[in-house]
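Okay, structure first, notes after.
The values are calculated or read from the model by the stated rules, or taken from the named source; none is laboratory data. Everything numeric here is computed off the predicted structure, so don't read it as measured data. Here the Cβ positions follow ideal geometry from the backbone for every residue, glycine too, while neighbour counts run over all protein chains shown. These area figures cover heavy atoms from the full protein model, side chains too; ligands, DNA and RNA do not enter into them. Shrake-Rupley method; radii C 1.70, N 1.55, O 1.52, S 1.80 Å.
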Amino acid sequence: MHETRGGLLIMQTAIFTTVAMFAFAANSLLCRFALQRGEIDPISFAAIRLVSGAIILAVIVRLRPERSSPSHADWLAASMLFAYVAFFSFAYLTLPAGTGALILFGAVQLTMLSVGLRSGEKFGYAAWLGLALAVAGLFYLVSPGIAAPPLLGAALMAIAGVAWGVYSLRGRSLTDPLAATAGNFARAALLAPLLSLLFIVNARAYTDATGVALGIASGALTSGIGYVIWYAALRRLSAMRAATVQLSVPLIAAFGGVVFLSEAITPRLTVASTAILGGIAMAMTSRSRNH
């Protein structure tokens, strides 16, 4: 009975993690399309993303059968969410997609692994080997055409990665991730007009119907609902596994580019996918010595 329940929990965690990674990859594609093609300015996109996410999450919380008790307002988590969304958008104004993904997820991993080590989590050799293999695959995937990135863009993306790592770790112990995420989005959305005002004053805000639609899809679907699923998965993932599995997002996004942007499937992409997914599998199946 206990083994059956454990197996179901493992399967549930695997499903949640997979769905969340695909949601984040889809979000990355939406952001790239909107920002790199000039459909919308970065702050307007970030503001629409946060507001639409806050609205859809508030509706879901309101309509669900069970009622949650009022929780503590986590302004640190909300600030990290806003920082991730805003700095990510600005960074992609100057960074190539591959370079940006490399900097972002490198910063995410370093943040989450540092917190895990500081809290006493011990990583086994197989997990370290899996992480090294996945990182090597990611480097191999994004290496073509990588040059020294613009310093400002690289710094902004690194800040976004640290913010996302902190935000993810803040959600690992939540008992009601849906309500918490809804609250974080609502509070983060309150911060967006502060930066939007700067664009309005300088007459630099611009958008069209496509940009607004992409921002809403990014906020309501791939961000808001995606983060709820990710929070549910994080409750049963160690810091090592949570950091490693996120390496799949650039890979999934790359294949999404093949399907939706008519990019070619190359031998390099095939080799990199094998290394990344193999490394993730090693890290996810190895035992972390944190008990």
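Looking at segment 122-143, which of its residues are in a helix (DSSP H, G or I) and among the hydroxyl-bearing types (Ser, Thr, Tyr)? Before the answer, list the steps.
Quick first cut of segment 122-143, residues in a helix (DSSP H, G or I) only: 125-142.
Residues satisfying the conditions are Tyr125, Tyr140.
Across segment 228-243, what is the total count of residues that are closer than 11 Å to Ala20 by Cα, open to solvent by less than 10 Å² (accessible area, probe 1.4 Å) and touching a Phe, Trp or Tyr at 6+ places or on another chain (Cβ under 8 Å)? Show your work before the answer.
First, pick out the residues of segment 228-243 that are closer than 11 Å to Ala20 by Cα: 228-234.
Going one step further and asking which of them are open to solvent by less than 10 Å² (accessible area, probe 1.4 Å), we end up with 230-231, 233-234.
With touching a Phe, Trp or Tyr at 6+ places or on another chain (Cβ under 8 Å) added as a condition, the list becomes 230, 233.
Total meeting the criteria: 2.
Based on this model, can you work out whether Gly53 counts as at pLDDT below 85 and either part of a helix (DSSP H, G or I) or of a type outside the set (Asp, Glu) (or both)? First the steps, then the outcome.
On the way: at pLDDT below 85: no; either part of a helix (DSSP H, G or I) or of a type outside the set (Asp, Glu) (or both): yes.
When the stated conditions are applied, Gly53 does not pass them.
Condition check: modelled with pLDDT of 85 or more, in a helix (DSSP H, G or I) and buried (at least 17 other Cβ atoms within 10 Å of the Cβ). Does Ala20 satisfy that? First the steps, then the outcome.
Numbers: modelled with pLDDT of 85 or more: yes; in a helix (DSSP H, G or I): yes; buried (at least 17 other Cβ atoms within 10 Å of the Cβ): yes.
Judged against the criteria, Ala20 is a match.
Quick one: in segment 187-211, which of the residues that are farther than 15 Å from Ala86 by Cα and at pLDDT 80 or above is least open to solvent (accessible area, probe 1.4 Å)? Outline the logic, then answer.
At the first step, the residues of segment 187-211 found to be farther than 15 Å from Ala86 by Cα are 200-204, 206-211.
The next check asks that each one be at pLDDT 80 or above; those that pass are 207-211.
Details: Thr207: 75, Asp208: 63, Ala209: 85, Thr210: 64, Gly211: 0 Å².
Going through the qualifying residues, I end up with Gly211.
Assuming Ala239 fulfils every condition listed in (1) modelled with pLDDT under 75; (2) within 23 Å of Ile10 (Cα to Cα); (3) over 15 Å from the mean Cα position of the chain (by Cα) apart from one, which condition is it?
Here Ala239 clears every test but (3).
Which of the following residues is surrounded by 20 or more Cβ atoms within 10 Å (Cβ to Cβ) and either in contact with a strand residue (DSSP E or B) (Cβ under 7 Å, 6 or more places away or on another chain) or modelled with pLDDT under 80 (or both): Gly165, Gly171? Before the answer, list the steps.
Numbers: Gly165 fails: either in contact with a strand residue (DSSP E or B) (Cβ under 7 Å, 6 or more places away or on another chain) or modelled with pLDDT under 80 (or both).
Being surrounded by 20 or more Cβ atoms within 10 Å (Cβ to Cβ) and either in contact with a strand residue (DSSP E or B) (Cβ under 7 Å, 6 or more places away or on another chain) or modelled with pLDDT under 80 (or both) holds for just one of Gly165, Gly171, which is Gly171.
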